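Report on the structure given below.
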Amino acid sequence: MLLLMAGNETTRRLIANTLLCLDLYPEAKEFLLTHPHAIPTALEEVLRLTPPAVSFPPRIALKDTVLEGQHIRAGEWVLPWIASANRDETYFEQPHEFLPQRTPNRHLSFGFGIHFCLGASLARLEARLALEGLLRRFPSFQRVPTHPLERIVSPLLFSVQSLPITL
C-alpha cells in the first residue's frame, strides 16, 4: 500500500506543485522555456519549497538523546516535519523564496540515510518528463485563474484537490 501511494499520489502532487510554482513565478517558467536543461534543478527547488509530503510518519525515540539542544526522552514521540526542515534559514539562504537555480539544494523531501525514498529516482524522472513535455508542446499553458485552489486536507500531503490548466 505504501509503495502504491508513494509511487502515485506524491508524484502527482509533485507535478501539480511544480505547475503552481511556475504559475506563481512566471519568470521561472520563462527561464525554463529557454533553458530546459535546468528543469531537474528547478524540480529540486519545488521539492524543497512545496514538498508533496510535508512530514514523515511519527517515530518513537528508542533512547534519551539531544537533538539541536532539544532533549528527547526514550519513549517520546517525534514527528519529522520535512516542510520545516526544508525552510531552515540556518541552512538555506532565502528559504521562503522559489529559486529554481538553487545549488546545492540538499532538501529532505525524499528523506535521508536508511529512510531515503525508494522511488526518488522514478519520481524525479516522471516529473522531469512531464514538465519537459508540457513546456515543449504547450509553452503558453497557464492555470485557470477562476478555479479556486482547494488545499488537500491531510497531515502528510501538501497540494491542491485539482488544478485545471489551459493549453
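Residue ranges 78-90, 137-149 sort as 78-90, 137-149 when ordered by packing (mean number of other C-beta atoms within 10 Å per residue, highest first). Model label sites at T166 and T146, defined 7 Å from Cα along the beta-carbon direction, differ in position by 0.9 nm.
Eigenvalues of the alpha-carbon gyration tensor of the range 17-71, scaled by 5 and square-rooted, set the equivalent ellipsoid semi-axes at 37, 11, 10 angstrom, largest first. Considering only L43, L125, L14, the mean-square fluctuation computed in a Gaussian network model of the chain, springs between alpha carbons under 10 angstrom, is largest for L125.
Give me the orientation-averaged projected area of the Cα convex hull of the chain, in nm², one decimal. Provide the component values of the computation, followed by the final result.
On the way: hull surface 43.4 nm².
Mean shadow area of the hull around the Cα atoms is 10.8 nm².
Volume per residue for the range 91-167 equals 153 cubic angstrom (convex hull of Cα atoms).
Full extension of the chain between T103 and L135 gives 9.3 nm of extra length, using 0.36 nm per residue less the Cα-Cα distance.
Got the relative contact order for the range 19-167 handy, in percent, Cα pairs under 8 Å and 6 or more residues apart?
Values: 187 pairs, mean separation 40.2, N = 149.
Computed value for the range 19-167: 27 percent relative contact order.
No lab work stands behind these numbers, since they all come straight from the coordinates. As the structure is a computational prediction, the values presented were derived from the model and not from experiment. Counting neighbours? That spans all protein chains shown, and the Cβs are built from the backbone with ideal geometry, glycine included.
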